[in-house]
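K.L.:
Sending over a structure as structure tokens; questions will come in a sec.
The values are calculated or read from the model by the stated rules, or taken from the named source; none is laboratory data. Note that the structure is predicted; figures quoted are calculated from it, not measured. Glycine also receives a Cβ, built like all others from the backbone with ideal geometry; neighbour counts cover every protein chain displayed. When the accessible area is computed, the model is the full protein with side chains, heavy atoms only, and any ligands, DNA or RNA have been set aside. Shrake-Rupley method; radii C 1.70, N 1.55, O 1.52, S 1.80 Å.
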Amino acid sequence: MKQKEKWNPDVDNEKDAVEGNTDDKNEMESMPDTSVEETEPTSKLEAELTIANDKYLRLYSEFENYKRRTSKERIEQSKMAGMEIFLSFLPVIDDLERALKSMDTENDLKSVKEGLNLIYSKIKNITLAQGLKEMNAKGKMFDPEIHDAIANVGAESESQKGKVIDEIEKGYFLNDKVIRHAKVIVAN
């Protein structure tokens, strides 16, 4: 009696290969060529990538040019920031030059003193207009944020302790920001 063979796909494929079964070949030929379809999306993606890289490089170059231009403008602006102040001081410099010339020939000390007081008031007005204010430290409590204590002296009374009793050098604010601390003597 003959035994029934179990079906084995590997054996069938081997038989087809030996017998030259061409059914598989016909199926393969009728399948569309995927290699052509795969290259088309790839080339499309490569073109899009090239365009995106080009846009990126242009944008990057434009940004670098912007940074360079703004940096140059900022440097130029900082160089010219004091122009208004210097223009306002030029008449004061002219007055000082005239005062120095007149001091050589002038015998009247009172008129020289008046001229210097006028020049001083012009300077004060110019600096006030630009936002420069003097500190009034004398008689106020010592504040290390705005004062520099250069000496301590004994207090005459308990109420004077910690207060500024003398101002050696004035301090200044520019638009409410300390630009020079007042040098003071503090009572302890």
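K.L.:
Considering only the stretch 89-134, state which residues are among the small types (G, A, S) and either modelled with pLDDT under 90 or in contact with a Lys or Arg (Cβ under 7 Å, 6 or more places away or on another chain) (or both). Working first, answer last.
P.N.:
Keep residues of the stretch 89-134 that are among the small types (G, A, S), which gives 99, 102, 111, 115, 121, 129, 131.
Matches in the stretch 89-134: A99, S102, S111, G115.
K.L.:
Follow-up question, since we're still on this one. Among the residues of the stretch 68-87, is any aromatic (F, W, Y) and at pLDDT 90 or above?
P.N.:
Checked against the condition, which is being aromatic (F, W, Y) and at pLDDT 90 or above, the stretch 68-87 yields no hits at all.
K.L.:
Hey, another quick one. Within the stretch 71-88, identify whether any single residue is within 30 Å of Q130 (Cα to Cα), in contact with a helix residue (DSSP H, G or I) (Cβ under 7 Å, 6 or more places away or on another chain) and not acidic (D, E), and answer yes or no.
P.N.:
yes
Yes/no per residue for (1) in a helix (DSSP H, G or I); (2) within 30 Å of the chain's Cα centre (by Cα):
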| site | (1), (2) |
| --- | --- |
| Y66 | yes, yes |
| I85 | yes, yes |
| D95 | yes, no |
| K101 | yes, no |
| N107 | no, no |
| E114 | yes, no |
| N117 | yes, no |
| S121 | yes, no |
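K.L.:
Sticking with this one: Would you point out which residue out of K183, K170 is of a type outside the set (V, I, T), free of Cβ contacts under 8 Å to residues at least 40 places away in the same chain, over 30 Å from D94 (Cα atoms) and open to solvent by 60 Å² or more (accessible area, probe 1.4 Å)?
P.N.:
None of the others qualify; the one that does is K183.
K.L.:
Only residues in the stretch 120-149 that are within 19 Å of L96 (Cβ to Cβ) count as the first member; pair them with residues that are open to solvent by less than 90 Å² (accessible area, probe 1.4 Å), Cβ under 6 angstrom, at least 6 apart or cross-chain, and list the lot.
P.N.:
Note: pairs meeting the criteria are K122/V92; I123/V92; I126/S88; Q130/I85; L132/Y172; L132/L174.
Matching residues to (1) basic (K, R); (2) not in a loop (DSSP other than H, G, I, E, B):
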site: I126; (1), (2): no, yes
site: K133; (1), (2): yes, yes
site: E145; (1), (2): no, no
site: A151; (1), (2): no, yes
site: E156; (1), (2): no, no
site: V164; (1), (2): no, yes
site: E167; (1), (2): no, yes
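K.L.:
Follow-up. For D104, indicate whether it is open to solvent by less than 70 Å² (accessible area, probe 1.4 Å) and either over 19 Å from Y120 (Cβ atoms) or not hydroxyl-bearing (S, T, Y) (or both).
P.N.:
For D104, the condition - open to solvent by less than 70 Å² (accessible area, probe 1.4 Å) and either over 19 Å from Y120 (Cβ atoms) or not hydroxyl-bearing (S, T, Y) (or both) - is not met.
K.L.:
Determine which member of the set K72, K110 is exposed (fewer than 10 other Cβ atoms within 10 Å of the Cβ) and farther than 30 Å from A187 by Cβ.
P.N.:
The match here is K110.
K.L.:
Keeping to the stretch 91-148, report how many residues are of a type in the set (D, E) and farther than 17 Å from K177 by Cβ.
P.N.:
Counting residues in the stretch 91-148 that are of a type in the set (D, E) and farther than 17 Å from K177 by Cβ gives 7.
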